[in-house]
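Undergrad: A single structure is presented below for examination.
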Amino acid sequence: MADGSSETKSSNQMWGGRFASGPDAIMEEINASIGFDKKLYAQDIRGSIAHATMLAHQGIISAEDKDKIVHGLDTILSEIESGAFEFSRRLEDIHMNVEARLATLIGPAAGRLHTARSRNDQVALDFRLWVKEELQKTERALTGLIAAFLDRAEEHADTVMPGFTHLQTAQPVTFGHHCMAYVEMFGRDRSRVRHAIEHMDESPIGAAALAGTGFPIDRHMTASALGFREPTRNSIDTVSDRDFALEFLSIAAIAATHLSRLAEEIVIWSTPQFGFIRLSDAFSTGSSIMPQKKNPDAAELVRAKTGRINGSLIALLTVMKGLPLAYSKDMQEDKEQVFDAAESLELAIAAMTGMVRDMTVRADRMKAAAGSGYSTATDLADWLVREAGLPFRDAHHVTGRAVALAEQKGCDLANLSLAELQAINPAITDKVFDVLTVEASVASRTSFGGTAPAEVRRQIAWWRARN
């Protein structure tokens with residue numbers, strides 16, 4: 001039979017060196033959230049001040065205790081912001097760390113602060129306040145990015161470039177029009193942000209653990225004090241809800257996807273093979289071995305951060321998908337994903353705004369590429385329909401023959417002679433050459449939302465009035 005010392009040794013090996021003291025150490029490690037939720041300190045203190053003020057107003061605590069509590073919380077806020085506050089893992093989370101310090105500062109009055117609330121509604125409030133503030137920051141950042149694109153679009157409303165489908169030259173467009181495509185994308189992202197703020201603009205405090213409270217609290221008072229439209233309307237849903245965090249991550253994932261698509265284009269455009277733009281040294285790095293290299297690292301890192309943000313969304317969806325009402329400890333895993341995604345998105349938007357404002361647009365390279373691949377073939381087909389009265393399918397066939405001839409001769413459509421074109425279809429006149437240049441092509445696309453410079457400028461003016 002094995003002796004006791006052997007069993008103890010085996011047990012310690014099972015727990016491992018990091019948890020030499022056994023299961024108590026493991027429980028502290030898995031249970032503590034102060035390592036990340038200390039980020040919520042300002043929201044926690046703000047919520048507690050509003051709660052204490054309401055309790056005093058309702059006669060639930062004395063005005064004297066309220067004044068002590070508020071003074072103590074202000075002191076703690078100053079300590080945290082100065083770096084003097086000592087966070088304790090033993091106290092688990094930001095709420096208990098603040099409450100313990102408050103007790104040290106003001107004594108028994110600190111114990112009255114938690115009247116008519118629970119850590120469940122307290123954390124829901126703190127986290128909701130933080131996400132709301134982050135959404136407001138995201139809205140401002142997107143507005144700045146849109147403004148950068150509007151400036152570049154206005155500057156290049158007449159700059160011709162190739163428009164692509166399948167990354168193959170399709171039809172000429174203007175760089176201004178291309179920039180405005182991103183204005184539309186980031187404008188929708190900003191609209192989603194604004195809707196999310198509207199959805200979550202309800203105060204959780206007062207829901208308590210899950211059933212509300214018997215104290216005569218005024219939840220409308222605390223909601224107003226904290227800048228919410230109104231209090232939440234169901235106490236069970238209040239402490240169970242993380243929709244606001246999921247919506248933030250969803251918005252972040254969509255915006256990051258748009259940023260990633262833009263980053264990909266910047267990477268492509270800055271290659272010597274394209275040469276459409278040149279990034280400044282501020283957003284590029286060199287190679288450790290190849291002195292000629294200038295790498296678009298900032299764009300590549302923006303592209304990569306999309307994976308982190310998407311992963312955060314999937315992680316929190318997975319945490320929430322099987323939880324019964326109301327609160328479960330699983331929900332402690334909500335914050336790190338949101339914090340990380342918010343930081344990644346904020347950095348990505350800032351980097352992209354800098355790149356858009358800073359990059360040099362090489363209009364000559366864009367124009368040279370705009371006419372490649374017979375990009376005005378559709379203009380020829382449209383001319384045959386409009387001027388020669390051909391059905392579009394017949395015009396498409398005629399244009400295909402013209403492209404084949406140009407390929408055979410190694411020239412552009414505009415360099416074919418009138419006689420060569422008339423040999424394909426006698427209805428063609430010399431007026432066709434008015435539409436075969438890239439400048440004429442883009443100028444003709446005057447439909448609402450089209451690439452004609454005048455239409456691009458009209459859309460820029462519309463956005464400037466709303467940005």
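The values are calculated or read from the model by the stated rules, or taken from the named source; none is laboratory data. These numbers were taken from a predicted model, which means no experiment stands behind them. Note that we place each Cβ from the backbone using ideal geometry, even for glycine, and neighbour counts take in every protein chain shown. Side chains are part of the model used for accessible areas, which takes the heavy atoms of the whole protein and leaves out ligands, DNA and RNA. Shrake-Rupley method; radii C 1.70, N 1.55, O 1.52, S 1.80 Å.
Undergrad: Applying the Karplus parametrisation 6.51 cos²θ - 1.76 cosθ + 1.60 with θ = phi - 60° to the phi angles of segment 438-446, what ³J(HN,Hα) value in whole Hz is obtained for each residue in order, glycine and proline being reported as x?
TA: So the J values, rounded to whole Hz, are 5, 5, 5, 4, 5, 5, 7, 8, 8.
Undergrad: I want the antiparallel fraction of DSSP beta bridges within the chain, as a percent rounded to 5.
TA: On the way: 9 of 11 bridges.
Bridges in the chain are about 80 percent antiparallel.
Undergrad: Same structure, new question: Show me, for segment 180-189, the HN-Hα J-couplings you get by feeding each phi into the Karplus relation (A = 6.51, B = -1.76, C = 1.60, θ = phi - 60°), rounded to Hz, glycine and proline as x.
TA: 5, 4, 6, 4, 4, 4, 6, x, 5, 4
Undergrad: Where only protein heavy atoms count, and the probe is 1.4 Å, what is the accessible area per residue for the chain in Å²?
TA: Working: 22420 Å² over 467 residues.
Here the per-residue accessible area is 48 Å².
Undergrad: Between Val173 and residues 5 or more places away or on another chain, which pairs have amide H atoms under 5 Å apart, with H built 1.01 Å from N, and which residues are they?
TA: It is Met161, Gly163, by chain and number.
Undergrad: Moving on to the next point. Using 7 Å Cα-to-Cβ label points, what is the Ala404/Arg194 separation (nm, one decimal)?
TA: My value for the distance between the label points is 5.3 nm.
Undergrad: Taking 0.36 nm per residue of separation and subtracting the Cα-Cα distance, what length does fully extending Lys321 through Ser372 add? Each step should come with its number before you reach the end.
TA: Details: separation 51, 0.36 × 51 = 18.36 nm, distance 5.13 nm.
So the extension gain works out to 13.2 nm.
Undergrad: Moving on to the next point. Place a label point 7 angstrom from the Cα of Arg457 along the Cα-to-Cβ direction, then list the residues of segment 150-165 whose backbone nitrogen is under 14 Å away.
TA: 153-159
Undergrad: If one takes the longest principal axis of the Cα atoms in the chain, at what angle in degrees, from 0 to 90 and to the nearest 10, does the Cα axis of helix 335-358 lie?
TA: Value to nearest ten degrees: 30.
Undergrad: If you find the alpha carbon centre of segment 381-438 and of segment 188-260, how far apart are they in angstrom?
TA: Here the answer is 60 Å between Cα centres.
Undergrad: Label-point separation (nm) for Asp358 and Arg464, each offset 7 Å from Cα along Cα-to-Cβ?
TA: Output for this residue pair reads 2.6 nm.
Undergrad: What are the ³J(HN,Hα) values, in whole Hz, obtained from phi via the Karplus relation 6.51 cos²θ - 1.76 cosθ + 1.60 with θ = phi - 60°, for each residue of segment 360-374 in sequence order, with x given for Gly and Pro?
TA: 9, 8, 9, 4, 5, 5, 5, 5, 4, 6, 5, x, 6, x, 6
Undergrad: For a Förster distance of 22 Å, can you work out the FRET efficiency between the beta-carbons of Ala63 and Asp201, rounded to the nearest 0.05?
TA: The calculated FRET efficiency here is 0.15.
Undergrad: Would you list which lysines come within 30 Å of Lys431, measuring only between C-alpha atoms, while excluding same-chain residues fewer than 8 positions from it?
TA: Of all the lysines, those that pass the test against Lys431 - Cα under 30 Å, at least 8 places apart if same chain - are Lys367, Lys409.
Undergrad: Let me ask you something else. If the chain between Gln136 and Asp394 were fully stretched, how many nm would it gain, using 0.36 nm times the residue separation less the Cα-Cα distance? It would help to have the intermediate numbers written out before the result.
TA: On the way: separation 258, 0.36 × 258 = 92.88 nm, distance 5.46 nm.
Difference between extended and current length: 87.4 nm.
Undergrad: Next up: Rounded to the nearest 500, what is the chain's calculated 222 nm mean residue ellipticity when only DSSP H runs of at least 4 contribute -39500 (n - 2.57) each, over all residues?
TA: On the way: 19 runs with 289 residues, N = 467.
The helix contribution divided over the chain gives -20500 deg cm²/dmol.
Undergrad: A follow-up question, please. Return the carbon/sulfur percentage of the accessible area of the chain, one whole number, probe 1.4 Å, all protein chains in place. It would help to have the intermediate numbers written out before the result.
TA: On the way: 11780 of 22420 Å².
It is 53 percent, rounded to a whole number.
Undergrad: Using 0.36 nm per residue of separation minus the Cα-Cα distance, give me the extension gain between Asp434 and Thr165 in nm, one decimal. Don't skip to the answer; put the middle values down first.
TA: On the way: separation 269, 0.36 × 269 = 96.84 nm, distance 2.48 nm.
Here the answer is 94.4 nm.
Undergrad: Excluding Gly59 itself, calculate the net charge of residues whose Cβ lies under 14 Å from the Cβ of Gly59, where each Lys or Arg counts +1 and each Asp or Glu counts -1.
TA: Values: positive: Lys66, Arg112; negative: Glu64, Asp65, Asp218.
Spelling it out: positives minus negatives among the neighbours equals -1.
Undergrad: On to the next question. Could you work out the relative contact order of the chain? I mean the mean sequence separation of Cα pairs under 8 Å and 6+ apart, divided by the number of residues, in percent. Walk me through the numbers on the way to the answer.
TA: On the way: 648 pairs, mean separation 76.1, N = 467.
RCO, the chain: 16 percent.
Undergrad: Helix 63-82 sits at what angle to the longest principal axis of the chain, using alpha carbons and giving 0 to 90 degrees rounded to 10?
TA: 50 degrees
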